[in-house]
Amino acid sequence: KKANVSIVYTPWSNLRKTADMVVGQIGFHSDKLVVRRKIEKKNEIVNRLNKTKVERHPDLAAEQEQRQEVDRRKARELAKKRAIEEKAERARKAEEERLRSYTDVMDPSRMSSNQFDEDVDFQAVEDDFM
């Protein structure tokens, strides 16, 4: 509201506050570190800003609920994706375990005995061998 305002710049380490000072009152350890600038209020800039000023009165509870719904949806999608990846990983590990085990090797339908049956022609087997 004032036409001319004085702005004071100083590092925080230069501020001095003692117990006997009033609330809001401060002092400076060294006046050499203090920079004072005088600023004039320009009404044309303030008026232009006031023309473009938009005041909103948002429904904060509704906005929060929307944001939380979006977050929950993202969390559900991430959980689904993670579950699919874990399922694929379990299937891959099960397949690797199956390949490492001897259960497929010991399949009885693929086995043959070293004992000869009476139905077998020994001559044909020996010819086939060589």
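The values are calculated or read from the model by the stated rules, or taken from the named source; none is laboratory data. Computed from a prediction, not measured in an experiment: that's the story for all the values here. No Cβ is skipped: glycine too gets one built from the backbone with ideal geometry, and neighbour counts run over all protein chains shown. With ligands, DNA and RNA removed, areas are computed over all heavy atoms of the protein, side chains included. Shrake-Rupley method; radii C 1.70, N 1.55, O 1.52, S 1.80 Å.
Quick notes on this one:
- Q66/W12 FRET efficiency (R0 35 Å; Cβ-Cβ; nearest 0.05): 0.30
- Per principal axis, descending, Cα span of region 6-77 in whole Å: 60, 38, 24
- Label positions at R82 and V35, each projected 7 Å from the Cα along the C-beta direction, are separated by 5.0 nm.
- Rh by Kirkwood over Cα pairs, then Stokes-Einstein D for the chain at 1.306 mPa s and 10 °C, µm²/s: 60 µm²/s
- For the chain, relative contact order (Cα pairs under 8 Å, six or more residues apart, normalised by length) works out to 18 percent.
- Toward the positive end of the charge dipole of the chain, with +1 on the Cβ of Lys and Arg and -1 on the Cβ of Asp and Glu, the farthest Cα among N4, V70, P58 is that of N4.
- Taking the Cα centre of the chain as origin and assigning +1 to Lys and Arg Cβ atoms and -1 to Asp and Glu Cβ atoms, the resulting dipole is close to 3780 debye.
- Largest-first ordering by accessible area, 1.4 Å probe, given options K93, K2, K51: K51, K2, K93
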